[in-house]
Amino acid sequence: MFVSRLCGRPAACIRRAGYSTLVHPNLTSHLTPVSEHDISHFASFLVPTSVISTLSPSSSPPDELDQYNNDWIGRFHGRSTTVLKPKTTQEVSEILKWCNEKRIGVVPQGGNTGLVGGSVPVNNEVILSLSNLNKVRSFDPVSGILVADAGCILQSLTDYVAPHNHIMPIDLGAKGSCQIGGNVATNAGGLRLLRYGSLHGTVLGLEVVLPDGTILDQLTTLRKDNTGYDLKQLFIGAEGTLGVITGVSILTPPAPQASNNVILALPSFDNVLPLYQTVKRQLSEILSAFEFIDRTAYNLAVKHGQGRALSDEDVKGAECFVLVETSGGRREHDEEKLNDLLELLLTADKPLVNTGVLSQSPAQFSSLWALREGVTEAISKEGKAYKYDISVPLSSFKDVVDNTREHLRSQGLLHDKAVKFVLGYGHVGDGNLHLNIVADAYLPEIENALEPYIYEVVASHRGSISAEHGIGAMKTHALSYSKSDVSIQLMKKIKDVFDPKGIMNPGKPIFQDDHGLAVKFFIQKDLPQEVQAELCETVTSLGGRVEAKVPRQGYILVQPGTAEEERLRLCWTSLDRPERYFVPYTYVEACKIAGMLLKQIFTENGTPLRMHIHPSIANVNARSALSSRIMHSGGDPHASAQSARVILADPNTDVFQHLVKTYQGVADKYIESYLWVKKCIEKGTMVFTPLVYKNPGGRRPGEERTQFTEEDEEHLCNWIAAKIPYKETGGRTGNRLYQQLCDLSADPEYAWVTRHTWQSWRERYKKNSARLDTIIARIVEQKKPSPGDKGQYGYVRQAEEKPKRTRRKKTKTNEHIYQSEEFADDTTKRVSGPSHVSNIPPEINGQQLQHAITTLQDLADVGSAYSAILPAPSSVPLDRSTIRKSPAEEEDDDPEWTIRISNEPPPAWSTKRRAADEGNHEKDKRPRHQYEQASSTPTSMPNTEAQPTLPTSALVAIANMHVIDQGIRDIARDFRFTVEEVQEFYDKCGEMSITRMRFQRMREELVAKFSDFKY
């Protein structure tokens, strides 16, 4: 028997829409994925716009398939590579015929507005979209019979029949995007069901393409046809598992000439049923809606701005509310009947209602409906909602809501941090209750408390687990609460007749791997025989296989805490078999509830991850649910706090922060919230929470819960030693250094960087700089890097002792010496790398001055001589914008004493002093043309007497001129360009060799271009 009960719960069918997987749990493993050959075949009879596929020859981008692979609420996600959009019934037939022959799964899809995932694929099935079948075939205004393609939008059909004074018999919130074919396939209900009935009564005929491509034409417009089985009823509500609906014949009722509504406040729910009887008797044929809203739902709608139908005084003492709508042919007649009803209700000896409000205009009519329809939106704003669309007797509405509330209270879950509200609203006219549980967050203990409790309540009332939303992928595991075993067996036989190969809306068995092979199980031998029998039956029905011996790869079902379980673990735990898992035997049931094979993520090297559930999680049910989830996912939740690697605690308590501080220094020890388990299961992998806590200094968040290890410090010291080997240069605490370190995380060599944020790496060095600097010094001593290597993050080694420059006033006698000192300091600051030109001291004798002049003229003779005093070339271009100041320069950033760079204007104090002394020292100023002549005319020096006479200050300045400036002037002179042009290009590229090559090339090009020019 396919469906059975285990531990009081229903056997889960496979996670897929409809009944396909109920009937063929193992056939889907034999389905063939879509191939490029299939795409070529479909393209041979479909227009290019009707084929969307990531496969050749279509090769559409994957994001084009997102709207088809995902449902509108974002809960169900498919993996199909192909969407086909036929335009005719014959094209649909050709598609299904090919897919049936090739055993390719097909998922019919309309507007994709369902709430249970019935139109979303699971694997690589073909999505058959009917959106291009959107034509109205005929309409008879006399009988009101409409014949249309299945892909017509419901709102479009409503607009089409409106000029003929007709309306569609169904009205849904998604009418702007849902399609009539999808409405019929899911047997959609809506707000007009009380007045016009279900689609089983209004649909007169269907055109259906069967799985083998046969076209079943029952598109009749007859209202009476008593000639055998009514086959169309099999396809209404079948959710696309028996065939594809391509055409619909439906009866449209005349449009009402007058509509009214009224909202009534009731003192007790006990008055709802007597009121419904009275309303039906008084309004009779004009009654079109009778909607129930409990007090909690009404308050939430008002709170979140959905309207205020009644005043605060009117709602006092009201326990629930009812919205009544009338639709008739004459306004005066309808208003008279409605007024008589209100008078009867308000003047009765025992009034059924406290008060009410009757709409007086179209705006008020819409406002009252907005309050009812806005309950869903208000619930979504209040929190996370668990929604149950159920059918129970009208007298049980309040009992179901109240009993569910009390059940949650008994489980300790009715409080602000768990379940905040339990409310109900729905369609009294058709017995459909929308039960909503509003929680602060989705929690496993809430889910376990609600299911199967609610389904058991529904079964006790002989109700339905799905009143109007369908089964889809969401409720397959609970189908047996509404259908008997005999019913399910008959559905299987009907499925065999229409779809023997199981291609329509297929699913994947839970216990089969990606290759279609059965997952192997071994059951602990000393479990009770009835339990073993139930496990064997369930595993087999879901596609798995029970082995007589422990499998090399698979699951060993055990009973935790028994001696046999301990023996099995000791005998069969092996690092050579990491895919052999020990799980409690309730794992099978958990997989059925989840609709999937639960991954074993809480394992390391084949052994369970040891966890400890801290007493701060005080709720017994929450601890039990958390423990089960951990065991079902491979972990061990029974470890002590000392031996556990992960401690799970309540993050809303002070104990959590205390645990973090207590264990933050312990390697491979993690403190996690109880929600962490659910997050890991949803992600399918174990990821420790990357939260960053503020460091004790309070300046930057740098202490992570991923603790630093000796290996981390070793990596950090090697990095700093390579980038900034000498601490004297500064910069080891700069943000940019550690940001660039984390930028290298994509490089496999620097994978270790991802363990911490850049702030954490920086704080680690700052807090342990004394100790780490010693380690870095040893590394530098061993590797002995060149002090001028540009790999040092733009820093160079400076002199050990730098004389402090003091500001002193110049006199006439020492002015030249002062200028020499200033230029010497400027040269020292600007040259990057080891320089072979020593600083000229303030005291300069004649011999030293003559030597400087000789050196300058030698440089003029040899144009490339400047390269001898430049630092070693680097493979990384020097970016001036990224060169950082030394710590001394950053702290002493007085603009008055900023060193002049290149051709920048002199500082203010220099200009003032020059202006003051200009009259007295005119003779000491060097003429500009003398300097240019001296720097640009190459000469040889056979003897010292032949040298030109220049002022001493000018000679010292020339001797200490920055070699880069000299190189720029040489390039300008050699290739006849202005200094400004060369300087501008050099500032952009930062390489003298590239600059020389560029202007040399420019001069050659100019000479070649104008060589034959005649004057």
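Whether any residue in the range 52-68 is open to solvent by 10 Å² or more (accessible area, probe 1.4 Å), modelled with pLDDT of 85 or more and among the aliphatic types (A, V, I, L, M) is what I want to check. Scanning the range 52-68 turns up at least one residue that is open to solvent by 10 Å² or more (accessible area, probe 1.4 Å), modelled with pLDDT of 85 or more and among the aliphatic types (A, V, I, L, M). Just one of the listed residues (LYS85, LYS102) is in contact with a helix residue (DSSP H, G or I) (Cβ under 6 Å, 6 or more places away or on another chain) and open to solvent by 10 Å² or more (accessible area, probe 1.4 Å), and it is LYS85.
Which of the residues that make up the range 556-579 are open to solvent by 20 Å² or more (accessible area, probe 1.4 Å) and not in a loop (DSSP other than H, G, I, E, B)? Passing the criteria: ALA563, GLU564, GLU565, GLU566, ARG567, ARG569, LEU570, CYS571, TRP572. Select, from ILE215, ILE236, ILE170, the only residue that is more than 17 Å from SER131 (Cβ to Cβ), touching a Gly at 6+ places or on another chain (Cβ under 7 Å), outside the structural domain of GLU101 (by the TED database) and among the β-branched types (Val, Ile, Thr). Every option except ILE170 fails the conditions. Could you please let me know if LEU194 is outside the structural domain of THR49 (by the TED database), open to solvent by less than 10 Å² (accessible area, probe 1.4 Å) and either assigned to a helix (DSSP H, G or I) or touching a Phe, Trp or Tyr at 6+ places or on another chain (Cβ under 7 Å) (or both)? Considered against the rule, which asks whether it is outside the structural domain of THR49 (by the TED database), open to solvent by less than 10 Å² (accessible area, probe 1.4 Å) and either assigned to a helix (DSSP H, G or I) or touching a Phe, Trp or Tyr at 6+ places or on another chain (Cβ under 7 Å) (or both), LEU194 comes out as no. Of the residues making up the range 377-412, those that are within 17 Å of LEU273 (Cα to Cα) and of a type in the set (Gly, Ala, Ser) number 3. Just one residue in the set LYS678, LYS661, LYS683, LYS669 is of a type in the set (Lys, Arg), modelled with pLDDT under 85 and farther than 23 Å from TYR765 by Cβ; that residue is LYS683.
Taking VAL546 as the residue in question, decide whether it is touching a Cys at 6+ places or on another chain (Cβ under 6 Å) and among the hydrophobic types (A, V, I, L, M, F, W, C). So VAL546 passes the test. Of the helices (runs of 4 or more DSSP H) lying entirely inside the range 311-417, those containing at least 3 residues that are open to solvent by 10 Å² or more (accessible area, probe 1.4 Å) and within 26 Å of TYR455 (Cβ to Cβ) are 375-382, 397-410. When the residues of the range 653-682 are narrowed to those that are among the polar types (S, T, N, Q) and over 25 Å from the mean Cα position of the chain (by Cα), which ends up farthest from HIS614 (Cα to Cα)? Step by step, filter the range 653-682, then rank; the result is GLN664.
When the range 217-232 is filtered for residues that are exposed (fewer than 13 other Cβ atoms within 10 Å of the Cβ) and either within 16 Å of ALA188 (Cα to Cα) or β-branched (Val, Ile, Thr) (or both), only THR227 remains.
Condition first: of a type in the set (A, V, I, L, M, F, W, C), assigned to a loop (DSSP other than H, G, I, E, B) and closer than 16 Å to VAL184 by Cα. Can you find one or more residues in the range 106-120 that meet it? Yes, the range 106-120 has at least one match. Within the range 590-604, being touching a Lys or Arg at 6+ places or on another chain (Cβ under 7 Å) and either under 15 Å from GLY554 (Cβ atoms) or open to solvent by less than 20 Å² (accessible area, probe 1.4 Å) (or both) holds for one residue alone: GLY595. Considering only residues that are assigned to a helix (DSSP H, G or I), surrounded by 15 or more Cβ atoms within 10 Å (Cβ to Cβ) and among the β-branched types (Val, Ile, Thr), which ones fall in the range 750-777? Of everything in the range 750-777, those that are assigned to a helix (DSSP H, G or I), surrounded by 15 or more Cβ atoms within 10 Å (Cβ to Cβ) and among the β-branched types (Val, Ile, Thr) turn out to be VAL753, ILE775, ILE776.
Here PHE269 passes the criteria (1) among the hydrophobic types (A, V, I, L, M, F, W, C); (2) buried (at least 21 other Cβ atoms within 10 Å of the Cβ); (3) over 42 Å from the mean Cα position of the chain (by Cα) except the one numbered (2).
Yes or no, residue by residue, for (1) in contact with a His (Cβ under 9 Å, 6 or more places away or on another chain); (2) modelled with pLDDT under 90; (3) open to solvent by 50 Å² or more (accessible area, probe 1.4 Å); (4) outside the structural domain of GLY561 (by the TED database):
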{"residue": "MET611", "(1), (2), (3), (4)": "yes, no, no, no"}
{"residue": "ALA622", "(1), (2), (3), (4)": "no, yes, no, no"}
{"residue": "ALA625", "(1), (2), (3), (4)": "no, yes, no, no"}
{"residue": "PRO637", "(1), (2), (3), (4)": "yes, no, no, no"}
{"residue": "SER643", "(1), (2), (3), (4)": "yes, yes, yes, no"}
{"residue": "VAL646", "(1), (2), (3), (4)": "yes, no, no, no"}
{"residue": "ALA649", "(1), (2), (3), (4)": "yes, no, no, no"}
{"residue": "PHE656", "(1), (2), (3), (4)": "yes, yes, no, no"}
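Conditions tested, residue by residue: (1) at pLDDT below 85; (2) under 26 Å from VAL375 (Cα atoms); (3) not in a helix (DSSP H, G or I).
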| residue | (1), (2), (3) |
| --- | --- |
| GLU445 | yes, yes, no |
| ALA449 | no, yes, no |
| SER466 | no, yes, yes |
| ALA473 | yes, yes, yes |
| LYS483 | no, no, yes |
| SER487 | no, no, no |
| MET491 | no, no, no |
| ASP496 | no, no, no |
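Set side by side, the residues SER93, SER156 differ, and just one is part of a helix (DSSP H, G or I) and surrounded by fewer than 19 Cβ atoms within 10 Å (Cβ to Cβ), which is SER156. PRO274 meets each of the listed conditions (1) modelled with pLDDT of 90 or more; (2) within 46 Å of the chain's Cα centre (by Cα) apart from (2).
Here is a yes/no grid of residues against (1) touching a Ser or Thr at 6+ places or on another chain (Cβ under 8 Å); (2) in a loop (DSSP other than H, G, I, E, B); (3) at pLDDT 90 or above; (4) under 30 Å from ILE293 (Cβ atoms):
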| site | (1), (2), (3), (4) |
| --- | --- |
| ASP225 | no, yes, no, no |
| ASP230 | no, yes, yes, no |
| ILE245 | no, no, yes, no |
| ILE250 | yes, no, yes, no |
| VAL262 | yes, no, yes, yes |
| ALA265 | yes, no, yes, yes |
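When PRO169 is evaluated against the numbered criteria (1) open to solvent by 10 Å² or more (accessible area, probe 1.4 Å); (2) in contact with a Lys or Arg (Cβ under 7 Å, 6 or more places away or on another chain), which criterion, by number, is the only one it fails? Looking at each condition in turn, PRO169 falls short on (1). Cβ-Cβ contacts under 6 Å between residues 6 or more apart (or on different chains), taken from a first residue in the range 240-251 that is open to solvent by 10 Å² or more (accessible area, probe 1.4 Å) to a second residue that is among the hydroxyl-bearing types (Ser, Thr, Tyr), are listed as LEU251/THR202. Of the residues making up the range 585-597, at least one is more than 30 Å from the chain's Cα centre (by Cα), touching a residue at least 12 places away in the same chain (Cβ under 8 Å) and not in a helix (DSSP H, G or I). For the range 28-35, indicate whether the set of residues that are assigned to a strand (DSSP E or B) and either among the aromatic types (Phe, Trp, Tyr) or open to solvent by 60 Å² or more (accessible area, probe 1.4 Å) (or both) is non-empty. No, the range 28-35 contains no residue that is assigned to a strand (DSSP E or B) and either among the aromatic types (Phe, Trp, Tyr) or open to solvent by 60 Å² or more (accessible area, probe 1.4 Å) (or both).
The values are calculated or read from the model by the stated rules, or taken from the named source; none is laboratory data. These numbers come from a predicted model, not from an experiment. Here the Cβ is made from the backbone with ideal geometry for all residues, glycine too, and neighbour counts use every protein chain on show. When the accessible area is computed, the model is the full protein with side chains, heavy atoms only, and any ligands, DNA or RNA have been set aside. Shrake-Rupley method; radii C 1.70, N 1.55, O 1.52, S 1.80 Å.
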